[in-house]
1. Calculated from DSSP H runs of 4 or more alone, at -39500 (n - 2.57) each and per residue, what is the 222 nm mean residue ellipticity of the chain, nearest 500?
2. Could you tell me the calculated FRET efficiency between residue 225 and residue 398, based on Cβ-Cβ distance and R0 = 35 angstrom, to the nearest 0.05?
3. For a label point 7 Å from the Cα of residue 74 along Cα→C-beta, name the residues of region 330-349 whose backbone N is under 18 Å from it.
4. Based on the alpha-carbon set only, what is the convex hull volume of region 391-451 divided per residue, in Å³?
5. Can you compute the FRET efficiency between residue 383 and residue 463 using 1/(1 + (r/R0)^6), with r the Cβ-Cβ distance and R0 = 35 Å? Round to the nearest 0.05.
6. Given that just one value was derived from the coordinates, which of (1) 67; (2) 50; (3) 54 is percent of Cα pairs over 28 Å apart?
7. Test of understanding: what is the full-extension gain from residue 259 to residue 289, defined as 0.36 nm times their sequence separation minus their Cα-Cα distance?
8. Using a Förster distance of 51 Å, how high is the FRET efficiency between residue 442 and residue 157, based on the Cβ-Cβ distance and rounded to 0.05?
């Protein structure tokens with residue numbers, strides 16, 4: 001009897017162990033895996049500078065493929081800037097998840113997205129442009145190759161260095177075009193990275209930021225078929241917005257020559273096409289190495305660019321073409337070939353990546369997780385959106401209406417974006433829109449309070465809005481190659 005009881009006990013113990021092991025294995029199989037994140041980030045790319053975004057004049061086959069296999073946010077915005085280098089605050093907001101007036105430009109004292117992922121077990125890799133100080137790059141990435149700690153450079157002479165074991169080394173000047181240089185670094189990382197550990201790869205191109213000097217192969221199509229001028233092209237902006245003669249605005253003369261703007265737009269498109277070709281190399285390696293089964297790919301840009309729209313060239317304005325960026329998520333679990341017109345900020349990417357990687361969102365992050373939008377749990381994360389530039393401009397928009405305020409000249413613009421997407425018809429002085437202007441100004445003030453923006457919207461001593469820049473002298477910056485200086489500066 002004792003032997004029988006002992007045997008029965010052992011059988012029950014064995015069955016119990018099998019049950020526990022089975023349950024644990026089942027739970028582990030159901031536990032969410034942590035996907036790799038490949039973040040491709042361009043520099044100064046308008047939201048409409050993609051063929052898949054209804055622009056037949058540009059060639060972007062690899063980015064178009066991401067659009068087809070992913071989910072696009074068609075109203076993704078940079079909140080704005082406290083100075084002329086809009087790239088820097090945009091990247092500070094992106095990497096902190098915080099709004100403009102609550103994040104230091106050097107990211108000191110702020111946990112960054114790659115730093116957070118590194119702490120939670122990811123290998124974090126960075127290459128390309130990091131405009132927010134070397135210290136924040138060091139704390140953010142496990143490793144980095146060809147990191148550019150700066151704002152802009154000649155694309156054939158990018159000063160770069162590597163990050164190994166927490167220290168920068170191998171300072172050098174890049175030996176090839178910037179996009180190829182950064183993609184080479186990314187391909188090397190992907191080829192060496194073990195499959196069993198998740199990675200976050202941040203690939204920050206300096207294209208299509210000027211100098212607009214695309215490789216010849218990428219320019220062939222545009223020399224044969226130059227892109228048309230923007231539909232809101234103007235020879236000169238109709239009034240002085242306070243930023244009419246900055247560096248970006250001086251890349252061609254006033255009034256804008258349509259032929260020259262068209263040539264610069266072709267070069268801009270050429271930069272994007274070359275970058276797209278290089279992105280194709282990364283996508284091929286992702287697939288070849290089997291990472292595609294567990295990698296979320298994000299593509300975006302820090303902001304847009306005027307490049308002829310409204311008589312402007314730069315991004316130091318609050319029109320849609322300058323504040324809006326492409327934003328695409330593609331990969332396992334993401335709906336394919338779908339999009340949303342929800343109003344989103346680039347700093348919403350931070351909590352969205354936290355959601356995708358099952359990482360707790362740290363305190364201080366103001367962005368909103370965008371996954372509920374592609375899951376169709378909601379159609380929006382906010383009802384309106386606020387943009388800002390220095391002390392010169394403030395704007396607010398909702399699904400249809402947009403108001404821009406210029407405090408230094410006490411000027412207001414009102415646009416009906418549904419019927420006037422190119423912002424050509426200012427309705428602010430129409431008697432029938434007086435109440436709407438008042439309501440939008442009230443909404444603008446609410447946003448200022450929400451974001452700690454202290455800028456008064458009215459000046460007691462307004463400046464003149466009249467300006468004539470005809471014949472104004474210009475000087476090139478030190479990054480422009482000789483042929484651009486000869487073509488766009490010496491010829492005047």
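1. Numbers: 13 runs with 157 residues, N = 492.
Value at 222 nm, helices only: -10000 deg cm²/dmol.
2. 0.40
3. Label zone hits: 330, 335-345.
4. Details: hull volume 5.5 nm³, N = 61.
About 90 Å³ per residue, rounded to a whole number.
5. 0.60
6. (3)
7. 6.2 nm
8. The formula returns an efficiency of 0.55 here.
Each value in this text was obtained by applying a stated rule to the coordinates, not by laboratory testing. None of the values given here were measured: they were computed from a predicted structure. All Cβ positions, glycine included, derive from the backbone under ideal geometry; neighbour counts span all protein chains shown.
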